[in-house]
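This report refers to the structure that appears directly beneath it.
Every read-out reported here was derived from the displayed coordinates using simple, explicitly stated rules and does not represent laboratory data. Nothing here was measured: the structure is a model prediction, and the numbers come from that model. Please note: Cβ atoms are built from the backbone with ideal geometry, for glycine as well, and neighbour counts cover all protein chains shown.
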Amino acid sequence: MSVLAKDTVSRVRKALTDAGLEDTVVELVDTARTAEDAAVSVGCELGAIVKSLVFAVDDRLVMALVAGDFRCLEQNLAAALNLKGDVRRPQASEVKGATGFTIGGVAPVGLLHPLPMVIDRSLKRFDRIYAAAGHPHCVFATTVDDLKRLTGGIVSWNIAENMDEDADLPTIERSKTFASMANEKKNEPDTTEPA
């Protein structure tokens, strides 16, 4: 049986078609368990791979959708989602219980239970991005706009930073709201310009 027929992958495919989108789920010959593996398997830049990262803010599970070449700034997740509490990495069993997916194939759509989501704005660098589709050998192609519509996620540049400090990326100004919150914590005056 093809992995495309597995229940977890079928949920992702149904979520796409129910939203009026094309079923772009593909089965890869090689694994897409990590962002690096997925980029090689798909034949795209590492940054075009969407990492679906599940965290807990206190006891509430949330998902951060982060570009493959960026790292999640866990300390910013609660503020980005307008939540309060400590951020921690949940157990694999918690992730599976909430999403219905095993780590390595966690999709941002077709979840068993809806989760608050935040999307890394750096993904907008790419016209086409690729996310896990419910199995370590499956991904689906989408756009940031469609991903936002599918997940109801908040797009934020504050939740991730480039792993390559020498990378030449376009600068994105910090939003005034987030900058104000950050400055309140540091007791510094807000000198940023509005986005």
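Quick rundown of the values:
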item: Convex hull volume per residue for the range 1-97, taking Cα atoms only, in Å³; result: 132 Å³
item: Ascending count of other beta-carbon atoms within 10 Å, so fewest first, for Met163, Met117; result: Met163, Met117
item: Globularity index of the range 3-165, i.e. its alpha-carbon radius of gyration over 2.2 N^0.38 Å; result: 0.94
item: Set Lys14/Lys124; Lys51/Lys148; Lys6/Lys96; Lys6/Lys124; Lys51/Lys124 screened for pairs whose C-alpha atoms are more than 21 Å apart; result: Lys14/Lys124; Lys6/Lys124
item: Relative contact order (%) - criterion: Cα under 8 Å, at least six apart; region: the range 40-83; result: 33 percent
item: Computed label-point distance, nm, for sites Glu94 and Asp59 using a 7 Å Cα→Cβ extension; result: 1.1 nm
